[in-house]
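Below is one structure, written out as structure tokens; the observations come after it.
The values are calculated or read from the model by the stated rules, or taken from the named source; none is laboratory data. Computed from a prediction, not measured in an experiment: that's the story for all the values here. Cβ placement follows ideal geometry from the backbone for every residue including glycine, while neighbour counts extend to all protein chains displayed.
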Amino acid sequence: MDYLKAFLVGGAICGAVQILMDKTKLMPGRIMVLLVVTGSILGGIGLYEPFSQWAGAGATVPLLGFGNTLWKGVKEAIDAEGAIGLFKGGFKAGAAGIAAALIFAYAGSLVFKPKMKS
């Protein structure tokens, strides 16, 4: 049942984003930023944690989950180190995801031949 719930929630998030991309003139980069900021805001007001516990990986894998991860890292760093944690916390919390994205992107660039968009 957990797999089905994660699939449905993750699919609903991705479907909503796809509709947003199709029906608006927003560029994909702006939509990505909107998702990360929305995840951070939902984490900040305490709504994302119960949602992610209920939805499982369907809520933590998309960019909303990355925004929440950044928020949690900043919050923990501010509690531990004070104001300097505002600048350090997000990097510590998101480092593994960012590093994985860079490594896989580099590996993909070695395997596949680049083409110009037409």
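Here are some notes:
Per-residue answers, yes or no, for (1) within 26 Å of Leu47 (Cβ to Cβ); (2) aromatic (Phe, Trp, Tyr); (3) free of Cβ contacts under 8 Å to residues at least 24 places away in the same chain:
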| residue | (1), (2), (3) |
| --- | --- |
| Thr60 | yes, no, yes |
| Val74 | yes, no, yes |
| Ala80 | yes, no, yes |
| Ala83 | yes, no, yes |
| Leu86 | yes, no, yes |
| Ala93 | yes, no, no |
| Phe104 | no, yes, yes |
| Val111 | no, no, yes |
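- Residue match in the range 97-111 (condition: in a helix (DSSP H, G or I) and at pLDDT below 85): yes
- Selection from the range 67-85 of residues that are touching a helix residue (DSSP H, G or I) at 6+ places or on another chain (Cβ under 8 Å) and either small (Gly, Ala, Ser) or within 23 Å of Arg30 (Cα to Cα) (or both): Gly67, Asn68, Thr69, Leu70, Trp71, Lys72, Gly73, Val74, Ala77, Gly85
- Qualifying residue in the range 17-30 (condition: in contact with a Ser or Thr (Cβ under 6 Å, 6 or more places away or on another chain) and of a type outside the set (S, T, N, Q)): no
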